[in-house]
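**Q** Pasting a structure here, questions to come.
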Amino acid sequence: MSRRLLSDNRNTMFARTRNLIHRAFDIGILLKALNAVLEIMGGVLLLVVSPATVNNLARVLTQGELSEDPKDLVANFLLRTAGQLSVNGHLFGALFLLSHGIIKLALIAALFKRKLWAYPAAMAIFGLFIVYQLYRYSLSHSAWMLILSALDAAVIILTWLEYQNLKSDD
């Protein structure tokens, strides 16, 4: 009787762990989907707004904060980032955000539909995004590249765990 109870407890713990992984995976890809939509919106916005306008907007948005605290990290970061935008950098940023967002959204849609091919594809694509983002970080030292890379790494891990769970159900 005690062996059966122990076995039931293990099965219950296993089921809870799988459920927790599944929920974390769903939340992770939902956040990635939101991120993808924001990237697409940002890419479109960069295509229609000039670098000078972005720079002026950053100055207006940070002016009040910097008058109170000239060393404000966020305000200085925004102002510095906007000031570094060139026409080429502006176009690159728009195309990067659009392509990153569209690819991510397509993969996430397939993941939500539980398409098995999408799991390895998503892990590979997100891995390539990390490599490229770290390369861009080495050039720009933009904290955004590190943040995106960390989010992509977490989603890769959750995707792998979810994929293993789905494969074991077959």
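**Q** Return the ratio Rg/(2.2 N^0.38 Å) for the range 22-79, where Rg is computed over Cα atoms only.
**A** The range 22-79 yields a ratio of 1.57.
**Q** Cα convex hull of the chain: how many Å³ per residue?
**A** On the way: hull volume 24.7 nm³, N = 170.
It comes to 145 Å³ per residue, whole-number rounded.
**Q** Where does helix 73-83 land angle-wise versus the long Cα axis of the chain, in degrees 0 to 90, nearest 10?
**A** Taking the Cα atoms of the chain, the angle to 73-83 is about 60 degrees.
**Q** Using mean Cβ contacts within 10 Å as the protection proxy, how do 96-107, 21-32 order, highest first?
**A** Those peptides, ordered most packed to least, come out 96-107, 21-32.
**Q** Could I ask something else about it? Using θ = phi - 60° and the Karplus relation 6.51 cos²θ - 1.76 cosθ + 1.60, list the HN-Hα couplings for the range 119-126 in order, rounded to whole Hz, with x at every Gly or Pro.
**A** 5, x, 4, 5, 4, 5, 5, 5
**Q** Over all Cα pairs of the range 33-120, how is the pair count split among 5 Å bins, expressed in % and running from 0 up to the last occupied bin?
**A** The calculated distribution, bin by bin, is 3, 15, 17, 16, 15, 12, 9, 7, 5, 2, 0.
**Q** Here's something else I'd like to know. Please report, in Å, the Rg and the Dmax of the range 69-135, where both are computed over Cα atoms only.
**A** My reading of the Cα-based Rg and Dmax gives 16.6, 51 Å.
**Q** Using a simple charge model, +1 on the beta-carbon of Lys and Arg, -1 on the beta-carbon of Asp and Glu, nothing else, what dipole does the range 6-169 show about its Cα centre, in debye to the nearest 20?
**A** On the way: 14 positive and 10 negative charges, 112 e Å.
In total the dipole reaches around 540 debye.
**Q** Now for a separate question. Considering the dipole of the range 6-169 built from charges on the beta carbon (Lys and Arg +1, Asp and Glu -1) around the Cα centre, which of 110, 58, 42 is farthest to its positive end?
**A** Result: 110.
Read the figures in this text as sums done on the coordinates, not as results from a lab. All figures in this text were calculated on a predicted structure; none of them were measured in a lab. Neighbour counts run over all protein chains shown; Cβ positions are idealised from the backbone, glycine included.
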